[in-house]
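Taking it in order: structure first as structure tokens, then the write-up.
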Amino acid sequence: MSEASAAAVSVHEWLPNLEESASEVFNLMLNSNLRRGSPQMFPAPECTAMVGVAGSIRGVLTVRCGGATANELAATMLKLPPARAAHYAADALGEIANMVAGNFKNKADNAGGRSFLSLPTVVTGMTYTCRSLSSAVPLELWFQFRGEPLQITMEVQL
């Protein structure tokens with residue numbers, strides 16, 4: 001097995017850490033349980049929050065959902081009516097991505113490893129594509145949050 005193949009296998013062992021990190025953040029911050037889901041289209045507009053990780057782990061964590069789901073996340077986090085929470089949807093999604101990335105890096109950093117997070121970036125719109133590292137190994141999870149699709153991906157640079 002090549003060194004790159006062995007590294008990719010090792011990275012896939014982090015998938016349970018990513019799932020646990022997402023579940024912990026949603027339980028703590030939203031008092032909500034994520035249910036495993038399957039890949040599907042997001043209702044327009046879409047929202048994607050991205051957080052870079054640098055150091056002993058290098059990559060990009062993304063959280064994707066529909067705009068209405070982002071509003072629901074903000075309303076739940078801030079305990080606001082959905083109409084008032086819409087103004088905070090991008091910030092709330094960015095903060096969720098930041099917390100999942102931080103929780104994940106703490107679980108995945110090996111002993112003595114040290115990684116750092118970037119500030120979250122949030123993209124919203126009707127048609128866009130997010131691309132990151134060309135040689136990244138994607139760890140992808142699909143969930144249902146209150147009946148709507150939510151995708152969390154960690155692309156790890158080998």
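The values are calculated or read from the model by the stated rules, or taken from the named source; none is laboratory data. This structure is a prediction, so every number in the text was calculated from the model and none was measured. Note that we place each Cβ from the backbone using ideal geometry, even for glycine, and neighbour counts take in every protein chain shown.
If you take the residues in region 113-132 that are under 20 Å from V11 (Cα atoms) and either of a type in the set (A, V, I, L, M) or not in a strand (DSSP E or B) (or both), which one is modelled with the highest pLDDT?
Of all residues in region 113-132, those under 20 Å from V11 (Cα atoms) come to 113-117, 131-132.
So of that shortlist, the ones also either of a type in the set (A, V, I, L, M) or not in a strand (DSSP E or B) (or both) come out as 113-114, 117, 131-132.
Details: G113: 75, R114: 88, L117: 96, R131: 74, S132: 70.
Among them, the one singled out is L117.
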Could you tell me whether V137 is surrounded by 15 or more Cβ atoms within 10 Å (Cβ to Cβ), of a type in the set (V, I, T) and under 24 Å from L28 (Cα atoms)? no
| request: Check whether at least one residue in region 21-34 is under 15 Å from I152 (Cα atoms), out of contact with any strand residue (DSSP E or B) (no Cβ under 6 Å at 6 or more places or on another chain), modelled with pLDDT under 95 and outside any helix (DSSP H, G or I), and report yes or no. | output: yes
### Task
Answer with yes or no whether A49 is part of a strand (DSSP E or B) and surrounded by fewer than 22 Cβ atoms within 10 Å (Cβ to Cβ).
no
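Can you tell me how many residues in region 70-112 are hydrophobic (A, V, I, L, M, F, W, C), assigned to a loop (DSSP other than H, G, I, E, B) and over 16 Å from N31 (Cβ atoms)?
Here is the first cut: in region 70-112, the residues hydrophobic (A, V, I, L, M, F, W, C) are 70, 73-75, 77-78, 80, 83, 85-86, 89-90, 92-93, 96-97, 99-101, 104, 108, 111.
Imposing the further condition that a residue be assigned to a loop (DSSP other than H, G, I, E, B) reduces the set to 80, 111.
Subsequent filtering for residues that are over 16 Å from N31 (Cβ atoms) retains 111.
Number of matching residues: 1.
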